[in-house]
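So the structure is just underneath, and the comments pick up after that.
The values are calculated or read from the model by the stated rules, or taken from the named source; none is laboratory data. Worth saying up front: this structure is predicted, and the values here are computed from it rather than measured. All Cβ positions, even for glycine, are placed from backbone atoms using ideal geometry, and neighbour counts span all protein chains on display.
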Amino acid sequence: MQEFDPHVLDEKPIPPPADFAKKARIGSMEEYEEMYAAAAADPQAFWAEEAKNIDWFEQPTKVLDWKVPHAKWFVGGKLNVSHNCLDRHLEKNENKPALLWEAEDGATLQLTYAELHERVCQFANVLLSLGVKPTDCVAIYMPMIPELPIAMLACARVGAVHSIVFGGFSAVALADRIADAKSKILITADGGFRRGKVVALKDTADAALEKCPTIQKSIVVKRTGEKVAWKDGRDLWWHELVEKSPKDCPAPAFDSEHPLFILYTSGTTGKPKGVLHTSAGYLLQTQWSTRLVFDLRDDDVYWCTADIGWVTGHSYMVYGPLANAASIVMYEGAPDFPRKDRFWDIIERYKVSIFYSSATAVRAFMAWGMEWIDPHDLSSLRLLGTVGEPINPAAWKWYSEAIGKGKCPIVDTWWQTETGSIMISPLPGATPTKPGCATKPLPGVAARVVTMQGESVKPGETGYLILERPWPSMLRTIYGDDERFQRDYWSRIPGVYFTGDAAQIDKDGYIWVLGRVDDVIKVAGHRLSSMEIESALVSHPAVAEAAVVARPDDIKGEAIVTFVILRSGHKPSKELRAALSDHIATTIGTIARPAEIHFADLLPKTRSGKIMRRLLREVAQKGAISGDTTTLEDLSVIDRLAKAKGIDEE
């Protein structure tokens, strides 16, 4: 759990810019409070009214069927998610830009809603021709290219369940996720580009497929043109399949609870959790929250910088914006390539009006300095957003002034892979904001900060953030492990959803999210399991035991710190440290590469043998221990670890 300065609770609210509030969808706190009260008084009536914004093939007969912890939303309703993102916009918006894509090398592609619809239909027909049936799982392992959202929407169109794996993950991580979801098709690319270098995605995918007997076909997008290995009968070129595919594919009706996607997120046991989201409730709440939180207008140019491999890319780059007929910007590469002003250049050229990025990115922009920002015209911006982890007040204030020029409200959003959509956020025309605070729950969301006994904490006290009522975009289960779903989320405090985040509430009822209370580490907004990293370390022949913790990092939010005990016959060295770092990157992905690796002869353990990661966190962050050590088996371990850390840093 991160350090928290209680003085931030005294931050004075900053009212929304007056000009913005005048034109906003929700223009005052009175309007927000009225909407919130109506939703709290009759949640089902509230969501039934919002559900009128969906195109239904058959209307629902019941809003909610709820038996803790399982929910069915809009029972009896039938719809098609792809139809809601594309077909229904064609009458009014067929020539409106849907996707504005920029490659890392500067090449561009613009697709109107009519053109995107045609490409989705073509690829949907490809999937059908390969025998893909409703509820079959399709794994997607791709760079940030237009074929990625096309593949998602094509899966949704034919009722296939997509499982997108972040393109930075290793062959081992990809294989684990393919095997768990029992995917039948893999969609990948010959490679991608990152900072001018080719990322050999197909090589990684091929290595993964050696352990994935469920995969029948691997569809490959030609992106880099590099020569790649080819397995006849299994590997198929995307462009060859699409060329002979019909351009019309009617959207069939699926049940409101038809599964839409599985997205894997880290848990505390080391095994990634396949979070399952279904169709109607997820679509409704992402569409609604995109419109409300970002105050979305017909003429907005909307840019969410998240990789689609993460849930932010699913909800607020693809499904939420396209369900609202928005024009979305999509960028392939790194924010600092070829220079550190790439984002500001894109905003200026595309006249981006809504910019939604991570707290990690904001801290990086801040470190790079104003010399990269000042030459660019950012006057098109009217709203800024942050996501991924809590943003510290200093970075929030810098973001407001340096990028927003003091005229753009900031929506600091809190939500999770599991919640599907934003739960806590300012409404930009209504909510007075406080730097570093997500402020208040959205209408229809019942969030509280409580003790483990479920009692509300007092202002300034730290407690656990919970959600008391079901919501439409909630996860339905952990794929293949409903027992884990019940245990992890609904049993900690019986009958309510346990978010796993610590929080405080201030005198104004604003919620300040502090960070995770479990052993999940957030690096640059990406959730990584300490157990998964420890397992990777112990799989190296030189390592006997390992413990992984986090320390605060100015740029990434948290950095990974590892403590390693070596096997007999191996000695600490710079070469071994580098080899272990490379081993983790190969096994999990470069995002998991540790900031520090410390060699130790013992780890702090309880008398029952449990590693005391709380003490290791203190060593990693402060170099010493001030907390309770009464359950520690060997008190001398801490001094030896602190000394070892000091030697490593010299």
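Of note:
- Among the residues of region 368-415, those that are modelled with pLDDT of 95 or more, under 14 Å from the mean Cα position of the chain (by Cα) and more than 19 Å from I347 (Cβ to Cβ) comprise T413, W414, W415.
- Selection from region 157-203 of residues that are touching a residue at least 60 places away in the same chain (Cβ under 8 Å), β-branched (V, I, T) and touching a strand residue (DSSP E or B) at 6+ places or on another chain (Cβ under 6 Å): V161, I164
Listed here are the residues, each with its yes/no results for (1) among the small types (G, A, S); (2) under 20 Å from the mean Cα position of the chain (by Cα); (3) crowded, with 24+ Cβ neighbours inside 10 Å.
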{"residue": "T286", "(1), (2), (3)": "no, yes, yes"}
{"residue": "T290", "(1), (2), (3)": "no, yes, yes"}
{"residue": "F337", "(1), (2), (3)": "no, no, no"}
{"residue": "W344", "(1), (2), (3)": "no, no, no"}
{"residue": "E348", "(1), (2), (3)": "no, no, no"}
{"residue": "S357", "(1), (2), (3)": "yes, yes, yes"}
{"residue": "V362", "(1), (2), (3)": "no, yes, no"}
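- Looking only at region 81-96, residues that are under 25 Å from the mean Cα position of the chain (by Cα) and not polar (S, T, N, Q) come to 4 in all.
- Candidates G320, G309: the one that is touching a Ser or Thr at 6+ places or on another chain (Cβ under 6 Å) and surrounded by 21 or more Cβ atoms within 10 Å (Cβ to Cβ) is G320.
- Filter pass, G429 being in a loop (DSSP other than H, G, I, E, B), under 30 Å from M370 (Cβ atoms), over 23 Å from the mean Cα position of the chain (by Cα) and touching a residue at least 60 places away in the same chain (Cβ under 8 Å): yes
- The set of residues from region 230-252 being farther than 30 Å from G77 by Cβ and within 32 Å of the chain's Cα centre (by Cα) comprises R234, D235, L236, W237, W238, H239, L241, V242.
- Meeting the requirement of 2 or more residues that are of a type in the set (A, V, I, L, M, F, W, C), the helices (runs of 4 or more DSSP H) wholly within region 1-103 are 18-23, 29-41, 43-50, 81-85.
- If the condition is being in contact (Cβ under 8 Å) with a residue 12 or more places away in the chain, surrounded by fewer than 16 Cβ atoms within 10 Å (Cβ to Cβ) and either part of a loop (DSSP other than H, G, I, E, B) or touching a Gly at 6+ places or on another chain (Cβ under 9 Å) (or both), then region 571-590 contributes only T590.
- In region 444-498, the residues that are at pLDDT 95 or above, charged (D, E, K, R) and crowded, with 19+ Cβ neighbours inside 10 Å: R448, R476
- Residue match in region 61-69 (condition: of a type in the set (A, V, I, L, M) and without any contact (Cβ under 8 Å) to a residue 24 or more places away in the chain): yes
- F261, sole failed condition from (1) at negative phi; (2) surrounded by fewer than 22 Cβ atoms within 10 Å (Cβ to Cβ): (2)
- Qualifying residue in region 518-540 (condition: polar (S, T, N, Q) and at pLDDT 90 or above): no
- Residues in region 544-570 that are in contact (Cβ under 8 Å) with a residue 40 or more places away in the chain and part of a loop (DSSP other than H, G, I, E, B) were compared, and the one that is farthest from P272 (Cα to Cα) is D554.
- Hits in region 102-118 - residues which are crowded, with 21+ Cβ neighbours inside 10 Å and of a type outside the set (A, V, I, L, M): E102, Y113, H117
- Matching residues in region 172-189 - criterion: being surrounded by fewer than 21 Cβ atoms within 10 Å (Cβ to Cβ) and closer than 13 Å to D203 by Cα: V172
- Check on L99, hydrophobic (A, V, I, L, M, F, W, C) and surrounded by 15 or more Cβ atoms within 10 Å (Cβ to Cβ): yes
- Residue tally, condition closer than 27 Å to E50 by Cα and not in a strand (DSSP E or B), over region 438-456: 7
- Exactly one residue among E348, E257 is modelled with pLDDT of 95 or more and within 20 Å of I403 (Cβ to Cβ), and that residue is E348.
- Matching residues, region 510-543, being among the β-branched types (V, I, T) and not in a strand (DSSP E or B): V517, I533, V538
- Residues being among the β-branched types (V, I, T) and closer than 27 Å to G369 by Cβ - total across region 552-580: 2
- Selection within region 543-565 - farther than 19 Å from E618 by Cβ and surrounded by 19 or more Cβ atoms within 10 Å (Cβ to Cβ): V543, K556
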